[in-house]
Amino acid sequence: MREVPRRLAALAAAVFAAATCAGASGEPRTFGFADLKRLVTLTAPAISPDGKRAAVIVARVNWNDDKYERELDLVDLTTHARRVLTYDRAGLAQAAWSPDGTKLAFIAEHSSKPQVFVMPMDGGDARPATKAPEGVEQFAWRPDGGAIAYSASAALPKQQGAERFRDAFTFTTEPITVRKADRPAHLFVIAADGEGKAKQLTTGAASVAQGQAQSTLSWSADGTQIAFVLAPNGILNDAERGHVELVDVATAKLTRLTTHARYESDPRFSPDGKLVAYAHSEGDNQITLTEAYVATPGKGNGTPLSRPFDRAVHDIAWLPDSSAILFSAHDATENVIVRAPVNAAAPTRIDLGDLVVSSPLEGAIAHDGTMVFVATTSTAPPELYVRRSGAAPEKLTDFNAPLAALSLAQSEKVAYATSLGVRADAVLYTPPGYVAGRKYPLVLMIHGGPTSASLRSWSPMTQLMAARGWLVLQPNYRGSDNLGLAYQRGVRYDPGAGPGKDIMAALDAVRARGIVDEHRLGVYGWSYGGIMTAWMISAYHPWRAAVSGASVNDWTTDYGTADDSDSDVALFHGSPFVAGNRAEWDRASAITYAHQVSTPVLILSDVGDNRDPFATSSMYYRALRDNGKDATLVAYPVNGHFPSDPVRSADVYSRTIDYIAGHFH
């Protein structure tokens with residue numbers, strides 16, 4: 001359902017100066033707030049068809065202008081030589097090589113609208129290939145490289161005079177903050193050189209899956225069909241009713257791939273054009289595994305190749321010879337890549353060592369099977385890696401080498417028993433200089449989702465907390481997607497109490513080691529982690545401080561205001577407005593137990609959050625205040641589920657840590 005610091009300039013300068021001084025003493029310093037400005041992020045790696053080069057989008061922080069500056073880099077996979085292809089382009093995203101490797105396409109803003117640009121790799125400037133009036137959402141090369149398919153909203157009709165203000169619309173399942181009717185996205189095809197008029201392949205109210213529900217566009221090998229996901233409209237909540245369609249490019253005729261009515265995504269034609277892989281779940285993906293299927297067009301729903309692995313699938317790609325698919329999944333405290341042959345042989349994991357992959361598989365596999373990806377470990381910030389067939393991964397870049405050289409928190413997996421009978425796991429981070437047997441303050445850091453997992457991966461927030469000398473414990477409570485269907489489904493009809501028991505069981509497993517300072521325990525979470533933070537301070541009382549971000553504190557209010565109301569219903573026995581159901585929703589809501597809270601709590605929220613609307617945070621704050629509790633509500637005047645800009649996102653980190661630290665003394 002749910003799926004994370006502006007400080008004063010003088011304070012930021014002081015922190016930076018202190019960090020610099022510590023480094024000059026010869027002792028490795030720990031990760032500090034100033035390092036957030038230095039962290040380089042990498043996204044959208046794409047490998048050339050011949051497996052010799054990779055393109056990757058690199059983002060750096062421009063602190064004073066509060067933005068990320070992105071460039072597109074080219075990396076030689078043999079020499080590791082790197083050069084910038086294009087920089088300082090607003091909206092830079094989604095790089096993709098042409099099938100013959102002579103061109104590179106990407107999305108960037110042109111006249112304030114995202115368009116597809118094509119860059120010749122033998123020299124020359126990138127030029128826009130699309131002229132979509134409302135901008136392009138995504139694109140895909142035709143296999144011969146002569147055309148590009150893309151999704152975009154059709155042009156708005158031009159209006160004059162008073163007609164410009166006749167903008168009322170019928171409200172259905174949109175979030176309460178919506179200010180205009182949804183616009184469906186449609187599928188278009190245009191020549192790769194941008195010449196001529198784009199051909200529109202879909203029309204009407206139905207929409208190509210877009211926004212957070214965006215799926216893939218995939219051409220058949222002969223270029224006659226495109227597989228995509230068609231949703232009933234452009235409303236995010238309704239995208240779960242999306243299904244895979246195959247469109248004939250010549251006639252625009254649509255053909256459904258399967259008989260599934262909903263919950264389909266990410267179709268991909270096999271390289272030989274005979275099969276289509278796609279993702280599907282039998283119900284809401286909070287309580288049902290998303291599985292990787294492979295089907296023959298016109299011959300039924302196909303086979304769920306990932307089912308024997310019993311993990312929720314996140315991403316799918318084909319091997320070049322069409323013999324197998326690769327999919328990614330959370331498994332215990334790792335994000336793994338798994339090979340599943342189409343002959344129904346057992347899926348097998350690909351050995352990546354301790355690397356946790358954080359980039360998509362699409363466009364990342366060359367003709368010879370060479371793969372590129374962005375990955376981290378708990379002590380290694382993101383870098384680009386290459387894995388050649390049968391070989392160990394090799395690091396290609398060192399963007400974040402200065403940060404990796406710091407004295408960082410180490411991680412380990414902690415196993416613990418749950419009342420579901422599943423042996424669950426958590427990630428425990430120990431502070432730099434940790435001494436076994438010594439007692440340390442501990443902060444529970446609860447992941448969102450709940451369909452997600454805490455992994456042994458790079459986390460700036462975790463490193464900042466550990467640098468304070470704290471243990472940081474990240475439990476994978478029931479509802480997490482890393483231990484199979486039974487554990488993931490355990491959150492159904494029990495979205496608070498059951499996960500709370502798991503979180504306490506993880507804490508008790510660490511307490512048993514005798515390393516926890518019982519007088520300095522804190523709890524923090526964002527999204528579903530914020531939900532569970534509010535639950536934990538209602539049901540349990542060892543905490544000195546709590547920070548609850550983007551939380552649903554009243555489930556009924558969330559159902560009536562959020563952009564994913566159907567996912568709320570999936571956790572309960574039906575709508576709260578149907579007779580007999582409301583009590584169940586109230587029992588699961590932290591606001592019901594505001595009078596029981598004894599922990600000082602900081603509540604954080606974006607005022608324009610459509611996922612976990614600000615209304616539930618405001619209500620929770622008032623409920624706590626009216627019951628005489630110690631509560632503070634801080635609102636960020638931005639849209640989104642978490643501040644997307646570097647200054648405000650860093651402010652979340654600093655406010656959270658400073659609040660907890662202030663109550664640990």
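Read-outs: derived from the displayed coordinates by stated rules, not from any lab. Here the structure is a predicted model, which is why all the values come from computation and not from measurement. Note that we place each Cβ from the backbone using ideal geometry, even for glycine, and neighbour counts take in every protein chain shown.
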Quiz item: Where the only charges are on Cβ atoms (+1 Lys, Arg; -1 Asp, Glu), what is the dipole of the chain about its Cα centre, to the nearest 20 debye?
Solution: 780 debye
Exercise. Tabulate in residue order the Karplus-calculated ³J(HN,Hα) for the range 94-101, using 6.51 cos²θ - 1.76 cosθ + 1.60 with θ = phi - 60°, rounded to whole Hz; enter x for Gly and Pro.
Key: 6, 7, 8, 6, 5, x, 8, x
Quiz prompt | Two-decimal Rg to Rh for the range 407-664 - Kirkwood Rh, Cα set | solution = 0.95
Self-check item: Rounded to 5, the percent of DSSP beta bridges in the chain classed as antiparallel
Solution: 80 percent
Quiz item: Taking the structure as given and computing Rg and Dmax of the Cα atoms in Å, which label from (1) 30.0, 102; (2) 29.5, 110; (3) 24.9, 75 fits?
Solution: (3)
Quiz prompt | Cα→Cβ-extended label distance, 7 Å offset, between residue 565 and residue 419, nm | solution = 3.2 nm
Quiz item: So how far, in whole Å, is the C-alpha centre of the range 29-108 from the one of the range 368-386?
Solution: 13 Å
Quiz item: Where in the range 452-496 does the amide nitrogen come within less than 11 Å of the point 7 Å from the Cα of residue 438, taken along Cα to Cβ?
Solution: 469-470
Quiz item: Where both residues lie in the range 407-664, what percent of DSSP beta bridges are antiparallel, nearest 5?
Solution: 30 percent
Self-check item: Extension reserve of the residue 541-residue 508 stretch, reckoned as 0.36 nm per residue once the Cα distance is removed
Solution: 10.5 nm
Exercise. Return the FRET efficiency for the residue pair residue 197, residue 349: r is the Cβ-Cβ distance, R0 is 45 Å, and the value is rounded to the nearest 0.05.
Key: 0.40
Exercise. Express in nm, to one decimal, how much length is gained between residue 573 and residue 256 on full extension, taking 0.36 nm for each residue of separation and deducting their alpha carbon distance.
Key: 111.0 nm
Practice problem: Using +1 at the Cβ of each Lys and Arg and -1 at the Cβ of each Asp and Glu in the chain, identify which of 429, 246, 302 lies farthest towards the dipole's positive end. | Solution: 429
Quiz prompt | Amide H within-cut-off set for residue 273, under 5 Å, with H built and near neighbours excluded | solution = 221
Quiz prompt | Cross-link partners of residue 274 among lysines (Cα-Cα below 28 Å; sequence separation of 8 or more within a chain) | solution = 52, 103, 199, 253, 299
Practice problem: Mind checking the full-extension length gain between residue 176 and residue 398? Use 0.36 nm per residue of separation minus the Cα-Cα distance, one decimal, nm. | Solution: 75.5 nm
Quiz item: lysines within cross-link reach of residue 501: Cα-Cα under 26 Å, excluding same-chain residues under 8 positions apart?
Solution: 413, 439, 629
Practice problem: Please label the shape of the range 159-277 as rounded, prolate or oblate, based on the square roots a ≥ b ≥ c of the eigenvalues of the alpha-carbon gyration tensor (a/c under 1.5 means rounded; beyond that, a/b larger than b/c means prolate, else oblate). | Solution: oblate
Quiz item: At 222 nm, what helix-only mean residue ellipticity would the chain give, in deg cm²/dmol to the nearest 500, using -39500 (n - 2.57) for each DSSP H run of four or more?
Solution: -5000 deg cm²/dmol
